[in-house]
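I have placed the structure first, in the form of structure tokens, so that the comments after it can refer back to it.
The values are calculated or read from the model by the stated rules, or taken from the named source; none is laboratory data. Given the structure is predicted, the values throughout are model-derived calculations rather than measurements. Here the Cβ positions follow ideal geometry from the backbone for every residue, glycine too, while neighbour counts run over all protein chains shown.
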Amino acid sequence: MSIDFIGVNLQLLDGFKYTLILFFATLAAAIPLGLPIAFGSMSRFKPIRLITRAFVWVIRGTPLMLQVMVVFYVPGLLFGMPFKSRMAAVIIAFIINYAAYFSEIYRGGIESIPVGQYEAGQVLGLTKTQTFFKVILFQVIKRIVAPMSNEIITLVKDTSLARVIAVGELIMAAQDIVSVYGLLWPLFYTAIFYLIFCGVLTLLFGKLEKKLDYYRG
């Protein structure tokens, strides 16, 4: 039994497809979800603040691999409702994890804005909501681009953890080739996929930072 270079690429591309699905699904949900979690962490209502911060502390303090296993196995073991889709379980675990991390980035960005900016909004007759979205938000975006880009690039590499519950992402596809065909080089060859993907993201975030340079005073 053998496989040629084209066959290896086709099999790895099939795994890379699941890597991309996991990556974009996580971003699409975790980026907006992180904002209400950040607001909860900053809430003046103490119970909400404590619960939200405890949630973020647990998520940030435990391995993502463990969280994937908990999301996939616990509903079936405790409630008799196992996940029918392993991919869905992985996506949910990743969304929860990255929403917690993004919320801390948001919170840091929001709290870094001088109080005078809020006072300026009030002087202009804006409500707190209007002040946030018209005055504060774009300054926050400028300040969080760098940490967000680092976290998003980390997400690219974290997608490999999906294999812990046998989701056939890129690394698992390479492992299958190694075990079936006895070839070792496809495992290292996957680095090219990650390097290109991360390189494209780095360029995009670099351009975004340049576009936001007008906030420098």
- prompt: Limited to segment 176-201, what total is found for residues that are touching a helix residue (DSSP H, G or I) at 6+ places or on another chain (Cβ under 7 Å) and of a type in the set (S, T, N, Q)?
  reply: 1
- request: Determine, yes or no, whether Pro63 is loosely packed, with under 12 Cβ neighbours inside 10 Å, over 21 Å from Ile165 (Cβ atoms) and of a type outside the set (Val, Ile, Thr).
  value: no
message: Can you pull out every residue in segment 143-162 that is farther than 16 Å from Phe16 by Cα and of a type outside the set (S, T, N, Q)?
response: Arg143, Ile144, Val145, Ala146, Pro147, Met148, Glu151, Ile152
query: Taking into account only those residues within segment 76-94 that are assigned to a helix (DSSP H, G or I) and of a type in the set (Phe, Trp, Tyr), which is nearest to Ala30 (Cα to Cα)?
result: Phe94
- request: Among the candidates Tyr101, Tyr118, Tyr73, single out the residue that is within 16 Å of Thr154 (Cα to Cα) and assigned to a helix (DSSP H, G or I).
  value: Tyr101
- prompt: Among the residues of segment 58-70, is there at least one that is out of contact with any Leu (no Cβ under 9 Å at 6 or more places or on another chain), closer than 20 Å to Leu155 by Cα, not in a helix (DSSP H, G or I) and not aromatic (Phe, Trp, Tyr)?
  reply: yes
- line: Among (1) more than 30 Å from Leu170 (Cα to Cα); (2) surrounded by 17 or more Cβ atoms within 10 Å (Cβ to Cβ), Tyr118 falls short only on (2)
message: Any residue that is assigned to a helix (DSSP H, G or I), surrounded by 12 or more Cβ atoms within 10 Å (Cβ to Cβ) and of a type in the set (D, E, K, R) - is there at least one of those in segment 148-156?
response: yes
query: So is Arg53 surrounded by 15 or more Cβ atoms within 10 Å (Cβ to Cβ), at pLDDT 95 or above, charged (D, E, K, R) and under 14 Å from Ala100 (Cβ atoms) or not?
result: yes
message: Just to verify a result, which residue in segment 1-22, among those that are crowded, with 19+ Cβ neighbours inside 10 Å, touching a helix residue (DSSP H, G or I) at 6+ places or on another chain (Cβ under 6 Å) and of a type outside the set (S, T, N, Q), is nearest to Ala89 (Cα to Cα)?
response: Leu22
- request: Quick one: in segment 85-120, of everything that is more than 16 Å from the chain's Cα centre (by Cα) and among the polar types (S, T, N, Q), which residue is modelled with the lowest pLDDT?
  value: Gln117
Extreme residue, nearest to Met148 (Cα to Cα), among residues of segment 121-133 that are of a type outside the set (S, T, N, Q) and part of a loop (DSSP other than H, G, I, E, B): Leu126
Yes/no for Leu78 being surrounded by 11 or more Cβ atoms within 10 Å (Cβ to Cβ) and either more than 30 Å from Ser149 (Cβ to Cβ) or within 19 Å of the chain's Cα centre (by Cα) (or both): no
- prompt: Can you name every residue in segment 167-190 that is loosely packed, with under 11 Cβ neighbours inside 10 Å and either of a type in the set (Phe, Trp, Tyr) or closer than 28 Å to Phe72 by Cα (or both)?
  reply: Ser179, Phe188
- line: When Ser179 is run through (1) within 22 Å of Gly7 (Cβ to Cβ); (2) among the hydroxyl-bearing types (Ser, Thr, Tyr); (3) in contact (Cβ under 8 Å) with a residue 12 or more places away in the chain, the failure sits at (3)
